[in-house]
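The values are calculated or read from the model by the stated rules, or taken from the named source; none is laboratory data. Remember, predicted model here, so these are calculated numbers, not experimental data. Cβ coordinates were reconstructed from backbone atoms using ideal geometry, including for glycine residues, and neighbour counts include every protein chain displayed. Side chains are part of the model used for accessible areas, which takes the heavy atoms of the whole protein and leaves out ligands, DNA and RNA. Shrake-Rupley method; radii C 1.70, N 1.55, O 1.52, S 1.80 Å.
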Amino acid sequence: MSELTLTLRGLPTHTAAALRSMLVLLDSALGARWRLMDAPIADVILVPGERISEIRKSGSDEELPLLLALTSDNVCPAGAFAVLKRPVTPAHLVEVLQLAETLVERARATDEGILTVPLIESLDPGGRLAQESFDHRLRTTLRAATWRLFQAPVAVTVLDDRRDSIYSFLPSRGFTTRLTTTELAGAFRSNPPAVFVELSTAEQAAMARAREFRNPKELEWTFWISNGAPRLRPELDLVRRWKLKRWPDFGRLPHYHADVRMASALMAQALTLHELCDVAKANDDTAINFLNATFTLGALAAEATAAEASSALRAKEDGKRAAKAKPSRLSGLIGQLRRKFGLASA
């Protein structure tokens, strides 16, 4: 997990020294993630409650930097995400920094629901999730858990907040779920709370024998096509024109009516995102989801730009000229024979 930063602003010297010592002692309890900085800006700024108005901050209380107020009561001043009450106790300090950890992770996310999430230990022998294995410090979602899985595939079952299985994933086999394709797409769109359960070797072997597995690309398609707040993948852009190389298997993949219209349009011609919206009568979010999903399948190809096409044509012409200029081995051999027998032209 990434590092989190904390700075102290406007505190009396003795208070700052006491807090620094307490943070050193609590380092392991806080997961060794927090670094105390002597800088004006950090992820979290601890400041006396009466001076919090001196820090000008745009955005909501949960946007970075987070302001933590040190007060003599439990009244949270405007602009602060939480209160640290005097005298500060280790338990209360851990509590507010764990809350801050969740908020910082959420604010740093580059996409809706995309967070770094911890792996939960495993199922207990009775088949129920051990209560102590839950990490309450960081709430995550189905999309966040799945995104984590795409970055580093591991053998897991993903559960919802009722501890019901959404799907299971084995890197060597693919994924399996008891949900229909429509139900799985609906789950991704609603993005419920979710948690990872890492599977043991025995659990993986039992699951591999008992379940039917599907291509992991289907899971990736469902993830992208059902995004409620989409952004274009970094490999794509708004300017370039895109064309489908093959028709998506809509018989197996969850889709919407607009997806079929967009597939027809992109099979016929290369289009930019906005051109696709006009031709297929789709909104931007739906078109972004479709481009992201078809790129995942390897079914989307970029049209060469004018500069790229011109460069390719020049390279082809240069190759032809070089081939003409270079005599073949056969013509060279015939020339040698003609000269040897005096048949070469003067």
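Is it the case that segment 212-227 has a residue that's among the hydroxyl-bearing types (Ser, Thr, Tyr), open to solvent by 70 Å² or more (accessible area, probe 1.4 Å) and outside any strand (DSSP E or B)? No, the conditions are met nowhere in segment 212-227. The listed residues are Ala194, Ala187, and the only one of them that is modelled with pLDDT under 90, closer than 27 Å to Phe295 by Cα and surrounded by 14 or more Cβ atoms within 10 Å (Cβ to Cβ) turns out to be Ala194. Does Arg137 satisfy the condition of being in contact with a helix residue (DSSP H, G or I) (Cβ under 7 Å, 6 or more places away or on another chain), open to solvent by 30 Å² or more (accessible area, probe 1.4 Å), modelled with pLDDT under 80 and not aromatic (Phe, Trp, Tyr)? So Arg137 fits the description; yes.
Please enumerate the residues belonging to segment 73-97 that are closer than 20 Å to Arg35 by Cα and modelled with pLDDT under 85. Of everything in segment 73-97, nothing turns out to be closer than 20 Å to Arg35 by Cα and modelled with pLDDT under 85.
Cβ-Cβ distances below 7 Å connect the following pairs, each with a first residue in segment 19-48 that is within 20 Å of Pro87 (Cα to Cα), a second residue that is in a loop (DSSP other than H, G, I, E, B) and at pLDDT below 85, and a separation of six or more residues or different chains: Val44/Pro65; Ile45/Ile55; Ile45/Pro65; Val47/Ile55.
Taking Ala16 as the residue in question, decide whether it is open to solvent by less than 60 Å² (accessible area, probe 1.4 Å), at pLDDT 85 or above and within 30 Å of Arg143 (Cβ to Cβ). It is false that Ala16 is open to solvent by less than 60 Å² (accessible area, probe 1.4 Å), at pLDDT 85 or above and within 30 Å of Arg143 (Cβ to Cβ). Leu119 falls short on exactly one of the conditions (1) farther than 23 Å from Ser226 by Cβ; (2) modelled with pLDDT of 85 or more; (3) crowded, with 16+ Cβ neighbours inside 10 Å, and that condition is (2).
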